[in-house]
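Bear in mind these aren't lab numbers, they're just calculated from the coordinates by the rules spelled out. All of these numbers come straight from a predicted model, not from anything done at the bench. Reconstructed Cβ throughout: ideal geometry from the backbone, glycine too, with neighbour counts over all protein chains shown.
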Amino acid sequence: MPLAARGSHERWWRLAAELLHARDVPGYERFAFVLTDTEYSLQRRTDVNYADAYMRGFPELEWFDHASAAQMLTHARADRRRADRDFTAVDRYFADDDPASVELGDFHTDSAQVLWLGALTWLDTVRALGIRQTLVTPEKLTALAARVLREDFPRVLAGIASELRQRDG
């Protein structure tokens with residue numbers, strides 16, 4: 001696969017995709033999921049990061065295009081708040097649900113869970129490769145999660161802290 005880039009990050013995604021051929025990567029199944037085009041294809045990542053068309057990129061940046069605060073909140077769908085559902089493990093995700101009504105697809109397509117897998121994949125891959133890096137660490141991710149999630153999402157925070165404790169050190 002040529003590494004010639006058509007976009008600013010494409011060569012890095014192509015390089016990461018080459019790692020899919022190394023089946024001995026720790027957590028290969030999760031790693032393969034993160035790097036597939038199922039959820040975040042190269043085109044989707046480009047659209048989200050660089051779109052200049054309305055509602056194609058980060059909608060948070062478009063809030064301020066509205067004339068009033070009420071319009072901003074409507075645009076943000078503030079009335080549809082995310083549930084405090086621990087997306088760090090499938091059993092905890094469905095902890096309060098009747099097993100007969102569980103749809104595994106809900107867990108595997110939850111956008112927060114997909115992002116979470118990306119973070120774990122990064123941590124596990126750099127550790128397996130023996131790379132000592134200080135940019136994204138379990139300690140920093142735990143501190144960030146605590147600051148952002150503490151009051152509104154205590155179950156999510158507990159799951160994140162528990163999973164990251166296993167990787168810290």
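General observations
- For the pair Asp96 and Thr109 in one chain, pulling the backbone fully straight at 0.36 nm per residue adds 2.8 nm over the alpha carbon distance.
- Volume per residue of the C-alpha convex hull in the stretch 102-146, rounded to whole Å³: 87 Å³
- Phi-based couplings in Hz for the stretch 104-112 (Karplus 6.51, -1.76, 1.60; Gly and Pro marked x): 4, x, 4, 5, 6, 10, 5, 4, 5
- In this calculation the C-beta distance from Leu19 to Gln166 is compared with R0 = 25 Å, giving a FRET efficiency of 0.65.
- A protection proxy built from the mean count of other Cβ atoms within 10 Å ranks the segments 100-106, 125-131, most packed first, as 125-131, 100-106.
- Summing charges over all other residues whose Cβ lies under 13 Å from the Cβ of Thr137, with Lys and Arg as +1 and Asp and Glu as -1, gives +2.
- Contour excess over end-to-end distance, with Cα ends at Ala158 and Thr134 and 0.36 nm allotted per residue: 6.3 nm
- By average C-beta atoms within 10 angstrom, highest first, the peptides 110-119, 153-162: 153-162, 110-119
- Table column - 3J(HN,Hα) (Hz), the stretch 148-158, Karplus curve with 6.51, -1.76, 1.60, x for Gly and Pro: 8, 9, 2, 7, 8, 9, x, 5, 4, 4, 4
- In this simple spin-label model, placing a label point 7 Å from the Cα along the Cα-to-Cβ direction at both Asp124 and Tyr28 gives a separation of 1.2 nm.
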